[in-house]
Amino acid sequence: MAPRVVLITGERESRIFRALTDIRSSTGSSTGFGRLLVESVLAQGDIAIATLRKPSVLDDLKAQHGPEKLLVLRLDVTKKEDIEQAFQEAKKVFGRIDVVISNAGFSALAESEATPESITRSMFDVNVFGPIALAKRSLAFFRDENPTSSGYFISISSISGVVSFPAVGTYCATKHAIEAYVEALAGELDPKWNIKVTSVTPSLYATPVMTNAPSIPVHPAYANNPSLPSNAMRQFLDPSTFGKRPPGEDPAKAVKAILSLLDMEKAPLRFPLGTGAIEGLLAKSQQLQQQAEEFREIALSTGWDDEEKQE
């Protein structure tokens, strides 16, 4: 089997594009899931296109693998011109892109009413508008520019896109938004395009996501009650308490699971990863079912009466 081409993008990092030699591209490739994805794609014999704001941080991998296996490009996912340039360079070098892994995102610890508007807007730019622009360009490339219409768009989302948590409300809002977009996108595709779409919803993994998060002071109204959920979450995710590694499960195993998607005949719409993701999905589904049953009578009472239906 020929190597795939994978493009990887990420937060202020890069992602991988994978093609049928397999060329893969990924944004957000400098740390955390991003770098692990690039390393794992290369280790299994595929071709990686890593995009990030500071390409020099991958100089060690470039020296190890060479330009025929690893293309490193500068990309800020919030800039459409960077996205376009990355796709054009990938096409020029490899002729196709098999997989795009959208890994962009950042979080911030803060009560919902304490998150500054500037950080809220920046988080939506990186976590939502950038990935949407990337998804649009990916689909157009897969359908119209690959030698044959095909491709796989993988969005690295979060269980926070299904279940909201205290102290990360703005982050949860961005992940709910991209979850909804990807779900709608997957339902719109013409099967003859041979394009697959999956949203990966991991729970907490031991990556630098919170170590690199902006520092926002506690809202004064919440400061004097340490038992409030947002304060408990702040303490749990405070980098100064992490010890040898951040809290969470094994990111290397998560990356292995993510790349297993590439060999699945049928792409799942949603791919949960981690104990917290499974527990979160099950709890959310139970909560929604209970709410539907509780308010069924009221909800169904708002329809037209029989005589009004006929008018």
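The values are calculated or read from the model by the stated rules, or taken from the named source; none is laboratory data. None of these values were measured; they are calculated from a predicted model. Cβ atoms come from the backbone with ideal geometry, glycine included; neighbour counts cover every protein chain shown.
Here is a yes/no grid of residues against (1) within 28 Å of Ser160 (Cα to Cα); (2) touching a helix residue (DSSP H, G or I) at 6+ places or on another chain (Cβ under 6 Å); (3) not aromatic (Phe, Trp, Tyr):
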{"position": "Lys79", "(1), (2), (3)": "yes, no, yes"}
{"position": "Phe87", "(1), (2), (3)": "no, yes, no"}
{"position": "Ala90", "(1), (2), (3)": "no, no, yes"}
{"position": "Val93", "(1), (2), (3)": "no, no, yes"}
{"position": "Val100", "(1), (2), (3)": "yes, yes, yes"}
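Criterion applied to Val93, Val57, Val77, Val72 was being within 16 Å of Thr174 (Cα to Cα) and hydrophobic (A, V, I, L, M, F, W, C), and the one residue passing it is Val77. For Asp82, the conditions (1) over 30 Å from Gln235 (Cα atoms); (2) of a type outside the set (A, V, I, L, M, F, W, C); (3) in contact with a strand residue (DSSP E or B) (Cβ under 6 Å, 6 or more places away or on another chain) all hold with the exception of (3). Regarding segment 248-260, can at least one residue be identified that is out of contact with any His (no Cβ under 9 Å at 6 or more places or on another chain), closer than 30 Å to Ala2 by Cβ and among the hydroxyl-bearing types (Ser, Thr, Tyr)? Yes, segment 248-260 contains at least one residue that is out of contact with any His (no Cβ under 9 Å at 6 or more places or on another chain), closer than 30 Å to Ala2 by Cβ and among the hydroxyl-bearing types (Ser, Thr, Tyr). Within the set Ser227, Ser240, the sole residue that is modelled with pLDDT under 95, assigned to a helix (DSSP H, G or I), exposed (fewer than 13 other Cβ atoms within 10 Å of the Cβ) and out of contact with any Pro (no Cβ under 7 Å at 6 or more places or on another chain) turns out to be Ser240. Hey, among the residues in segment 269-311 that are surrounded by 14 or more Cβ atoms within 10 Å (Cβ to Cβ) and not aliphatic (A, V, I, L, M), which one's nearest to Tyr181 (Cα to Cα)? Looking at the filtered set, the residue picked out is Arg270. Of the strands (runs of 3 or more DSSP E) entirely within segment 31-125, none holds at least 3 residues that are touching a His at 6+ places or on another chain (Cβ under 6 Å).
For segment 281-288, the condition of being without any contact (Cβ under 8 Å) to a residue 12 or more places away in the chain, of a type in the set (D, E, K, R) and out of contact with any Leu (no Cβ under 8 Å at 6 or more places or on another chain) holds for none of the residues.
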